Structure formats: structure tokens, C-alpha cells
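I have placed the structure first, in the form of C-alpha cells, so that the comments after it can refer back to it.
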Amino acid sequence: MAQFLRILSAGLAMSAAALLPAAAASGNLVGAGGAARGTVTVTPAPHGVILRVEATGLSPGWHGMHFHEKGACSDDKFASAGAHVHAATPVTHGFLNANANDAGDLPNIHAGRDGTATAEFYSTLVSMTGEGGRPALLDADGAALVIHANPDDYSTQPIGGAGDRVACGVIR
């Protein structure tokens, strides 16, 4: 009977764990020279993720944002973050492009006169660990969130005319 109760208890614990939401991943945004620029949090959600961004030190106005394929922000231009997260090649960018397949695409974020921006977005284009066949942010080499100097026009190739990378955060 004791053996049965241990097995039943273990089974119930595993079932309960399966019902709990997966843990959120987060990171610190940095600018050139490693200057602190805020935080990023990604939370798993049904059919995608919820992204929360709190950024500082941006120029006032709109800025493009994208999930990038590598969890690295090691150089001042953030080239170490690689290209946008994607599942197919060639990668076609843009929410306004009927042939788009760029899973790293995100809406623009707006910084106020003081250079701060806070926003939440829901993306169905990626997942935390590959759920639903969507690209995984937490794969072997991780991912990064990159904020660009200019707004994304949602159609120009390859990055929507968003310009230089001005902030980067490794998602862990």
C-alpha cells in the first residue's frame, strides 16, 4: 500500500507541474558601452509569448524592435545578436508584407521626451521552447531583444528601415 501511495503521489505531483505556467525569461537591456537601458521580460502564453519592455535612454519617438536569433549583446553595435529569429529562409521581413515569414518581427515602441518607453506586446510568431512549431527563444544559443534607432516601416527589407541597433537584452 505504501508503494502505491508513493506512485500515486508522484503521479499527482507531475500532473500538477504540467498545469503550472512555464517560467518567464528576462534580461537587462544595455546600450553602447554596456550602459543600463532597462529590462525585458518574456512570458509564455497560449500560442505565443507576452513581451514586456521597460527602456530608458532612447531618443524620443518610435523605435523598431525585433527578437534576434542569438542570446548575445557583446559588442557596441550588437551584431553578436545575429539576424532576426526565423523559421524559414530566405527571411522576408514586415507585418505589411503578404509574404512575410520573419518570426522576430514586433511592433514599434515609443519613447517619450524623457527617453523612456514601457510597453507590452503579444506575439504569436515565436514560443519559449518551440511549442506549436514556432521558433524557440530559449533554444541552445538563446535569443535577444534588440531596439533600433528608427521606427520599423513594416515592409523594407531586411529590417524595415529601422537603422542602427541602440539597445540589446539577452533573454534568459
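Residue-by-condition table, conditions (1) outside any loop (DSSP other than H, G, I, E, B); (2) of a type outside the set (A, V, I, L, M, F, W, C); (3) touching a Phe, Trp or Tyr at 6+ places or on another chain (Cβ under 6 Å):
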residue: SER80; (1), (2), (3): yes, yes, no
residue: ALA88; (1), (2), (3): no, no, no
residue: HIS93; (1), (2), (3): no, yes, no
residue: GLY115; (1), (2), (3): no, yes, no
residue: ALA119; (1), (2), (3): yes, no, no
residue: ASP141; (1), (2), (3): no, yes, no
residue: GLN157; (1), (2), (3): no, yes, no
residue: VAL170; (1), (2), (3): yes, no, no
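Name the residue that is surrounded by the fewest Cβ atoms within 10 Å (Cβ to Cβ), counting only residues in segment 55-64 that are of a type outside the set (S, T, N, Q) and more than 14 Å from VAL30 (Cα to Cα).
PRO60
Is it fair to say GLY132 is at positive phi and outside any loop (DSSP other than H, G, I, E, B)?
Details: at positive phi: yes; outside any loop (DSSP other than H, G, I, E, B): yes.
Yes: the conditions hold for GLY132.
If you check every pair at least six apart or on different chains, which have Cβ atoms under 9 Å apart with a residue in segment 34-53 that is without any contact (Cβ under 8 Å) to a residue 40 or more places away in the chain first and a residue that is of a type in the set (Val, Ile, Thr) and crowded, with 18+ Cβ neighbours inside 10 Å second?
ALA36/VAL30; ALA36/THR56; THR41/VAL53; THR41/ILE171; THR43/VAL49
Looking at GLY82, GLY104, GLY94, GLY115, which is the one that is in contact (Cβ under 8 Å) with a residue 12 or more places away in the chain, farther than 26 Å from PRO46 by Cα, in contact with an Asp or Glu (Cβ under 9 Å, 6 or more places away or on another chain) and of a type in the set (Gly, Ala, Ser)? Full working, then the answer.
Numbers: GLY104 fails: farther than 26 Å from PRO46 by Cα; GLY94 fails: farther than 26 Å from PRO46 by Cα; GLY115 fails: in contact with an Asp or Glu (Cβ under 9 Å, 6 or more places away or on another chain).
Unique residue meeting the criteria: GLY82.
When you scan segment 76-93, do you find a residue that is surrounded by fewer than 18 Cβ atoms within 10 Å (Cβ to Cβ) and in contact with a helix residue (DSSP H, G or I) (Cβ under 6 Å, 6 or more places away or on another chain), even just one?
yes
Any read-out appearing in this document is the output of simple, stated calculations on the displayed coordinates, not a laboratory observation. All values derive from a computational prediction rather than experimental measurement. Methodologically, a virtual Cβ is constructed for each residue, glycine included, from the backbone with ideal geometry; neighbour enumeration extends over all protein chains shown.
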